[in-house]
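The values are calculated or read from the model by the stated rules, or taken from the named source; none is laboratory data. Predicted model only: the values in this text are computed from it and were never measured. Cβ atoms come from the backbone with ideal geometry, glycine included; neighbour counts cover every protein chain shown.
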Amino acid sequence: MKLVIERRDTSSPLLRFGAPVVSIVIALFFAGALLLLAGVSPLEAYREILYEAVGSLYGLSETLVKATPLILSGLAVSLAFRMQIWNIGAEGQIYMGAMGATWVALFSGMENHWLLMVGMFSAAFICGGLWAGVAGLLRARWSVNEVIVTLMMNYIAILFINYLIYGPWRDPQGFNFPLTAQFAEAARFANFFDTRLHSGFLLALGCALILYLFMERTIWGYQIKVIGSNPQAARYAGMRTGASVFWVLFLSGAIAGIAGFSEVAGLQYRLQHGLSPGYGYTAIIIAWLARRSALGVVIVSLLMGILLVGGDSLQMLWQLPIAFVYAFQGLILFFLLGSDFFIQYRLKLVKGIHHG
Amino acid sequence: MPELLQIENIRKTFPGVVALDDVSFSVAPGEIHTLLGENGAGKSTLMNVFTGLYHPDSGRMYLNGEPVHFTSPRDSLSRGIGMVHQHFMLVPAHSVFENILLALDKVRQVYDRKHYQQKMQKLIDTFGLDLDLDTEVWKLSIGAQQWIELIKLLLRDCRLLILDEPTAVLTPQETERLFKVLRLLQEQGKSIIFISHKMREVMEISDRVTVLKKGRSIATLERGHFNRETLAGLMIGRDRIPEWQRNMQMSEKIILDIKNLSVRNDRGLADLDDFSLQLKEGEILGIAGVAGNGQKALAEALTGLKEVSKGQIFAGLVDITHSTARSSYISGIAHIPEDRKSIGIAPDLDVADNLIMKSFKNSFFRRGIFQNRSAIRHNAEEKISRFAIKSGPEGSPVRYLSGGNIQKVIIARELSEQPRVLVALYPTRGLDIGSAEYIHKVIVDGAGRGMSTILIAEDLDELLKLSDRIAVMFRGKLVGYVNPRQTTREEIGLMMSGEKQDQQP
């Protein structure tokens, strides 16, 4: 008798939908055990998390605020995933996008709101896109591994932003804090319902819709799917794979750049340290869990938003350490990724094989 | 003579295919025994049975007269049976020494480097190989890399060496040296199972030859009882050549003229060497040749997947060798690739999407930047019914289709644009008879409409049945043309092994 792992030919919709649900339940169970050890009633804690995250207008708005950069950067990463390109650099591209938007907001001299919005959007789009485009060019021309390049360029981007905010872009009235000056009203998104929820969320949803149409309905999306599925077949069919690699990475970086734009224009109103607490990395997990679909990215991002906001309440109400929140999020992700394995493979018991 | 390894009545099936059917074979100590057979005759499967990778469904296997069954290649290796694969199992960035060490059993974590170096050097000296233990493998020639594989096995005291087409990648000089080494090994009492397509080598080195055909061992002949003609005849079969099935409607107009074409592969060797070929309008031109003699390079050069290093290709009077002229012409060339799964389809996409892979930019399938989904779906419905593709539920990825149906998808796509030229590589390889027949019919029908076909196949029956003319390739060169209605298998077989020059048609 032997336990073997076997690839499934097909996976039923029930399995694909059910496995993540089951895995979340299991994760909640394990996290519950941890909560019990910490002397907190799990059921009460979960109710509190849910209430904090979606139970009030304030909680809901905070969840959506958190989800906004996650949706955008998740879309960015998942677009590249469709072509089997691994963009690990969304984090850096967010920063570069934010930088572009900040430059327009502070130094372009424009004052009209809509002009500023378009200008900031375009600058973020181009900065993020070019930043990722470097990796695209290297990959297309000289087959340089894009994982390494995009990852390394994160550090360059973040340190470059540091240089700007400690140096030339530092707010002269900022008491030497490493921040740029605040954006003028005209360079900010509108807020809704007296909360921190801003138009960036609508922008993110719009991007999801456009990206969906792009992938599923246009001839470019079609080419990306063919190349992602089998680059050799694409070349055989006469598609220009090199150019596609560049443009897909450019577009991926551009969308991540928009996430940066949305953060500075909608939330922080300035370029500063810790602009993104790792959204670009979380985006990789989101893209993975969303399994290539734009709708999936939105759903998973909302879930992550709930985890982030709800996790905060654990800290505040029960004085649990922040590490506990991370452990809680880690458990959920761990089991979600684990369920992915069972969707693609099955375990099978085989009896010994007899030979004639 | 007591046999070292003996198998009797081995049968091995895979789902839907009988790979080996009642095969018996044996090899004696100090014997070089050649296995001969066309591709698909079951040679590889048989090798994998010897090394324990496959377990036969039935039949018996004896080692030194004792019944055995090997559970894995590791198991058979520990019993003294080793194999040199066609694709070497080496770590290119490591030195020769490290690669050999890796293959050894029971090397301690802290090992005596000198001891092993001496052991290896002794073997190298014994056989007069020219191999430096400290060189990294990637710097070595293919021939030298093969020595490493051999030394690995010898250091593990293998009594039986299985060499899978060892000469396919060697230059004639390297082959000579290999044969010298093999003879030395033979004197030491080692047994060797040798696989080759090249008749000259088989004649030179073999003590015995066993011919496999369609999964059966059909004859075992001792030295002195075989010659080139008998072997070629046995390998390819003595059945009557199938009847000519189609009307001659070939014009004398030359649609594609290939002049002195050379194509180099990634290693810089010539896959096509001064190759010339003429294709007439409405003709089915068969290309015969042992796999790996430049057929693939020919197809890739014609379809624009590979750069031509020398020579010219003319379409009519237009030179389409380089430049943009070719890319526009290429759209008129349909290509059924050799490896249908790895380059013919996008496996995660459905049938409809795969059918438009080459024509997705046509105005018919798009509305501006958007795809015209309904046109794409209609196209799929029409092709699926016309080519009888069993496609499963709508939207299911092509990779779940059977090989025959995948091939039909490719053919439906390639022939949908009314191509002037079809380049078909092994279009029926691995297909069941029904699908193969269907594909034959499609090719013949196309010829009736004036499409010219270059049909590259390894099954001579198929070539003889379909072709108007057959061109024979050997080592990247054209050996000559034969007329399928006048030739014999023996003649083609000899030309395929580079033995006999042709007559012009």
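Quick look at the values:
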{"quantity": "Residues within segment B:90-115 that are in contact (Cβ under 8 Å) with a residue 24 or more places away in the chain, surrounded by 14 or more Cβ atoms within 10 Å (Cβ to Cβ) and closer than 26 Å to B:Ile192 by Cβ, tallied", "calculated": "7"}
{"quantity": "Whichever residue in segment A:216-245 is in contact with a Lys or Arg (Cβ under 8 Å, 6 or more places away or on another chain) and buried (at least 21 other Cβ atoms within 10 Å of the Cβ) and, among such residues, is farthest from B:Ser416 (Cα to Cα)", "calculated": "A:Val245"}
{"quantity": "Among residues of segment B:287-321, those that are over 16 Å from B:Pro427 (Cα atoms), of a type in the set (Gly, Ala, Ser) and within 14 Å of chain A (Cβ to nearest Cβ), counted", "calculated": "2"}
{"quantity": "Pick from segment B:336-347, criterion surrounded by 24 or more Cβ atoms within 10 Å (Cβ to Cβ) and within 7 Å of chain A (Cβ to nearest Cβ), ranking: farthest from B:Lys296 (Cα to Cα)", "calculated": "B:Ala346"}
{"quantity": "Flag if B:Lys139 is in contact with a helix residue (DSSP H, G or I) (Cβ under 8 Å, 6 or more places away or on another chain) and of a type in the set (D, E, K, R)", "calculated": "no"}
{"quantity": "Hey, A:Ile148 in contact (Cβ under 8 Å) with a residue 24 or more places away in the chain and within 20 Å of the chain's Cα centre (by Cα) or not", "calculated": "no"}
{"quantity": "Every residue from segment A:165-185 that is crowded, with 18+ Cβ neighbours inside 10 Å and part of a helix (DSSP H, G or I)", "calculated": "A:Ile165"}
{"quantity": "Top-ranked residue in segment B:52-77 [being within 29 Å of B:Asp134 (Cβ to Cβ) and surrounded by 16 or more Cβ atoms within 10 Å (Cβ to Cβ); ranked as farthest from the other protein chains (Cβ to nearest Cβ)]", "calculated": "B:Leu77"}
{"quantity": "Qualifying positions in segment A:113-156 - of a type in the set (A, V, I, L, M) and not in a helix (DSSP H, G or I)", "calculated": "A:Val144"}
{"quantity": "Some residue of segment A:93-105 being closer than 17 Å to A:Phe246 by Cα and assigned to a helix (DSSP H, G or I)", "calculated": "yes"}
{"quantity": "Tally of residues being modelled with pLDDT under 85 and either surrounded by 17 or more Cβ atoms within 10 Å (Cβ to Cβ) or closer than 22 Å to B:Arg159 by Cα (or both) across segment B:186-214", "calculated": "6"}
{"quantity": "Residue in segment B:389-404 that is surrounded by the most Cβ atoms within 10 Å (Cβ to Cβ), counting only those that are aliphatic (A, V, I, L, M) and modelled with pLDDT of 80 or more", "calculated": "B:Val398"}
{"quantity": "Neighbours by Cβ (under 7 Å, 6+ apart or cross-chain): first from segment B:438-464, under 19 Å from B:Ile492 (Cβ atoms) and in contact (Cβ under 8 Å) with a residue 12 or more places away in the chain; second in a loop (DSSP other than H, G, I, E, B) and aromatic (Phe, Trp, Tyr)", "calculated": "B:Ile456/B:Tyr426; B:Ala457/B:Tyr426; B:Glu458/B:Tyr426"}
{"quantity": "Count - residues of segment A:210-233 that are facing another protein chain (nearest Cβ under 7 Å), in a helix (DSSP H, G or I) and not aromatic (Phe, Trp, Tyr)", "calculated": "7"}
{"quantity": "Helices (runs of 4 or more DSSP H) wholly inside segment B:61-148 containing at least 1 residues that are among the polar types (S, T, N, Q) and in contact with a His (Cβ under 7 Å, 6 or more places away or on another chain)", "calculated": "none"}
{"quantity": "Within segment B:441-477, tally of residues that are within 17 Å of B:Lys408 (Cα to Cα) and in contact with a Lys or Arg (Cβ under 7 Å, 6 or more places away or on another chain)", "calculated": "1"}
{"quantity": "Some residue of segment B:360-369 being at positive phi, at pLDDT below 85, over 32 Å from the mean Cα position of the chain (by Cα) and within 13 Å of chain A (Cβ to nearest Cβ)", "calculated": "yes"}
{"quantity": "Within segment A:252-268, tally of residues that are surrounded by fewer than 24 Cβ atoms within 10 Å (Cβ to Cβ) and either in contact with a helix residue (DSSP H, G or I) (Cβ under 8 Å, 6 or more places away or on another chain) or within 14 Å of chain B (Cβ to nearest Cβ) (or both)", "calculated": "2"}
